[in-house]
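Undergrad: Mind having a look at this structure? Questions to follow.
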Amino acid sequence: MTRQIKYQRVLLKLSGEALAGNQGFGIDPDTVSSISREIVKTIDLGAEIAMVIGGGNIFRGVTVSSKGMDRASADYMGMLATVMNALAVQDVLEKMGADTRVMTAISMHEVAEPYIRRRAIRHLEKKRIVICAAGTGNPFFTTDTAAALRAMELKTDAILKATKVDGVYDKDPVTNEDAKMYNSLTYLDVLKKQLKVMDSAAISLCMDNNMPINVFNLFQKNSISRVIKGEEIGTIVQGG
Ligand code: UDP
């Protein structure tokens, strides 16, 4: 069963906004259900999935700190927001019959397991979906960087960056009708052209460790499974 897939183990990065659906903030249960259904299909393919979920639908440290709050405190609040999202996704995945573990970079034993790399790998080997929450556990970082870090630690074959658009464009496709999508890019292209794939810390980490990033539309039917099976959809970012 596992022979038909390109990526055996993946790190799926979901932004917090992906969970908000059309309401733009908070958690939309219907959206979380439809995303979770896609994720469960990939487990049925035999893939191992680790996830990093953002928190921007609830709280973004940098936005609040620009209004006067201490940046580190605001970032800790942002990290706590990612835990709320992780618990929401876990709940829905488990109701669909998937086996999951939330692992947090900030210890909160009553709520979830602490992130321990070797335990996370063991969970993946047992085909449990590992949801990595609380980012890197450090302020001044983002969940994109957390995704790059966890992908490296867990030795995933790629990062799947799920977005609301089909891939990486030369300009914002929502506001520019003539925006062109790239099929493939190098890490250096992304850094030089300042393309909005992931922040530069995350891209540099992926470049130094040769971790491919596949950016694709989360809301296209079967998109996660299609990427895992090796279909070339979206934009792939890799070495030159
Ligand atoms: N955050 C942080 N350290 C991390 C990851 C996240 O301080 O390692 C905080 C930061 O304030 C960020 C917020 O958590 O704004 C939510 O994460 P992010 O903005 O990456 O979420 P996304 O844009 O993916 O929804």
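Undergrad: Based on the Cβ-Cβ distance from N210 to I116, what FRET efficiency comes out when R0 is 25 Å, to the nearest 0.05?
TA: Values: r = 25 Å, r/R0 = 1.00.
After rounding, the FRET efficiency stands at 0.50.
Undergrad: Sorted by mean Cβ packing within 10 Å, highest first, what order do the peptides 160-169, 213-222 take? Can you show the working numbers first?
TA: On the way: 160-169: 21.5, 213-222: 19.5.
Averaged packing, sorted descending, gives the order 160-169, 213-222.
Undergrad: Checking the a/c ratio against 1.5 first, then a/b against b/c, what shape does the Cα gyration tensor give for segment 1-142? Numbers along the way, then the final one.
TA: Details: a/c = 2.19, a/b = 1.55, b/c = 1.41.
Prolate shape, in that a/c is at least 1.5 and a/b is the bigger ratio.
Undergrad: Provide the gained length on full extension for the span L191 to S66, in nm with one decimal, where the gain is 0.36 nm per separating residue minus the Cα-Cα distance. Working shown, then result.
TA: Values: separation 125, 0.36 × 125 = 45.00 nm, distance 2.49 nm.
Extending this stretch completely gives an extra 42.5 nm.
Undergrad: Hey, another quick one. Can you pull the semi-axes for segment 66-134, root of five times each eigenvalue of the Cα gyration tensor, sorted largest first, whole Å?
TA: Working: eigenvalues 137, 39, 14 Å².
Equivalent ellipsoid of segment 66-134: 26, 14, 8 Å, largest first.
Undergrad: Considering only DSSP beta bridges whose two residues both sit in the chain, what percent are antiparallel, to the nearest 5? Walk me through the intermediate numbers first.
TA: Values: 5 of 34 bridges.
Of all bridge pairs located within the chain, approximately 15 percent are antiparallel.
Undergrad: Report Rg (one decimal) and Dmax (nearest whole number) for the chain, counting Cα atoms only, units Å.
TA: When restricted to the Cα atoms of the chain, Rg and Dmax are 16.7, 54 Å.
Undergrad: Just to compare against my own numbers: the Cα pair-distance distribution for segment 3-67, 10 Å bins, whole % per bin, please.
TA: Over segment 3-67, the share of Cα pairs per 10 Å bin runs 20, 40, 26, 12, 2, 0 percent.
Undergrad: Another one. Taking the Cα centre of each part, how many Å lie between segment 16-90 and segment 141-160?
TA: What the calculation gives is 15 Å, centre to centre.
Undergrad: Classify segment 146-240: rounded, prolate or oblate, from the alpha-carbon gyration tensor (a ≥ b ≥ c, eigenvalue square roots; a/c under 1.5 rounded; otherwise prolate if a/b is larger than b/c)? Mind dumping the intermediate values first?
TA: On the way: a/c = 1.90, a/b = 1.18, b/c = 1.61.
Oblate, since a/c reaches 1.5 and b/c is not below a/b.
Undergrad: Ok, one more. Can you list which of the DSSP-assigned H helices in the chain have a Cα extent of 24 Å or more along the long axis and an average Kyte-Doolittle score of at least -0.5?
TA: In the chain, the long hydrophobic H runs are 71-95.
Every number here is computed from the coordinates shown, using simple stated rules; none is lab data. Predicted model only: the values in this text are computed from it and were never measured. Note: ideal-geometry Cβ built from the backbone for every residue, glycine included; neighbour counts use all protein chains shown.
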